[in-house]
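Structure record follows, encoded as structure tokens.
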Amino acid sequence: MKKIWTFVITGGPCSGKTTGMSIIEQELSNLGYYVLIIPETATELISTGIRPFGKSLDIFTFQHVVLKKQIQKEQLYQEVAQKLPYEKIVIILDRGIVDSKIYVSEEQFQQLLEQCSLSEVEARDRYDAVLHLVTAADGAEEFYTLSNNEARTETAEEARKLDKLGISCWTGHPRFRVINNSTNFEGKMEKLLNEIYSVLGEPIPLEIERKYLIEKPKLETLAKQTDITVVDIVQTYLKSENNSEIRVRQRGQNGSFSYYFTEKRKISPTKRIELERRITEKEYIRYLASMDTSRNSIVKKRICFVYNAQYFEVDLFEFSDDKAVMEIELTNENSTIDLPKFINVICEVTDDPKYQNYNIAKTQTL
């Protein structure tokens, strides 16, 4: 059966995107994947004379052109992928739709989406994963250069600002990862590949996470500390005959939702095999007929934010007034974690089955 994955590789100027995509193409080709690469739309336009400054277009009009061309390219590549005689196809995008949000106001971005008949959730969550490579201007300043891209003119300070804006724009995607400069460049590329492999299941998809019981924070307090994205989630577990956790999830914002089917099998206290795929709303409704009636549906708000290049998720459960659960997903069990200073951690509960969503669905307590 044909399977097509889409990955966005994004990040600040001089972050290693071009090299990363080249490495991904080579490594995945070696594993039997057919790889298609969609080049950065803004750079394409600028290199042909369509520029968002000077005597060309104003920034809003330019981003409208970028968005229309980006959507057309994505649709075209999907059509081509469907016709290609390969079973495993990966589409790599050099930036995605939501990157346009960096350069316009919130109101203008919503106008752009409306003109293209898209909600922000549809624009953001349409990809299987979004991988943000941090600019060399943040942590690897000696390697910061724009010599490999004539369309770029940013100073190191401007690059850092754009980088942070990019992270904020994509925060909330269900599989968003920030890859910083804490290692050398080879290590950075290895992290990028590991994230790709984890989605594709090469050799098997591993989920490594640490979990903490925390005092329930107020949304307005968190918003003052960092950029947050609030996602509404309804999670329902299904009947299972092989001791695995099977669930369906409705996930979205402002009345616009995407739907997922997930199966998890635990292989150690911090590792689980996780198989996940996106489904249609009709499939989601059909799966609900197989609900495990011994467990309640979990209704929660998930607060997503980045702290020191680490991606955290805080779940605020509808049934709890004073406690919440915070998670961080890792690609290495031995990674050092820098916990947010504005979160009051009660204790780590990574190994405590009581705080697994599967059991919370039955007890409705924290």
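The values are calculated or read from the model by the stated rules, or taken from the named source; none is laboratory data. Computed from a predicted structure; not experimentally measured. Every residue, glycine among them, receives a Cβ derived from its backbone with ideal geometry; neighbour counts consider all protein chains shown. For the accessible areas, the whole protein counts, side chains as well, though only heavy atoms, and no ligand, DNA or RNA atoms are used. Shrake-Rupley method; radii C 1.70, N 1.55, O 1.52, S 1.80 Å.
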Please name which of SER56, ASN296, LEU112 has its Cα lying farthest along the dipole of the chain towards the positive end, using unit charges on Cβ (Lys, Arg +1; Asp, Glu -1) and the Cα centre as origin. ASN296
Once every DSSP H run of n ≥ 4 in the chain is given -39500 (n - 2.57) and the sum is divided by its residues, what mean residue ellipticity at 222 nm do you get, rounded to the nearest 500 deg cm²/dmol? -9500 deg cm²/dmol
Cut-off 10 angstrom, C-alpha nodes, Gaussian network model of the chain. Which of LEU200, LEU36, LEU219 fluctuates the most? LEU219
Coil-residue trypsin sites (Lys or Arg not before Pro) of segment 1-100, DSSP, other Cβ within 10 Å capped at 16: LYS2, LYS55
State which entries of LYS101/LYS282; LYS17/LYS224; LYS301/LYS354 exceed 26 angstrom in Cα-Cα distance in the structure shown. LYS101/LYS282; LYS17/LYS224
If every Lys and Arg gets +1 and every Asp and Glu gets -1 at its Cβ, then about the Cα centre the chain yields a dipole, in debye to the nearest 20, of 880 debye
Would you work out what percent of the accessible area of the chain, with all protein chains in place, is carbon or sulfur (probe 1.4 Å)? 48 percent
Before anything else, pin down the relative contact order of the chain: Cα pairs under 8 Å, at least 6 apart, normalised by residue count, whole percent. 17 percent
To the nearest Å², the heavy-atom accessible area per residue of the chain with 1.4 Å probe amounts to 49 Å²
With charges only on Cβ, +1 for K and R and -1 for D and E, what is the dipole size of segment 285-366 about its Cα centre, in debye, rounded to 20? 380 debye
For the chain the translational diffusion coefficient, Stokes-Einstein from a Kirkwood Rh over Cα pairs at 4 °C and viscosity 1.567 mPa s, in µm²/s, is roughly 60 µm²/s
Using a 10 Å cut-off on Cβ atoms, rank the peptides 248-261, 119-132 from the highest mean neighbour count down. 119-132, 248-261
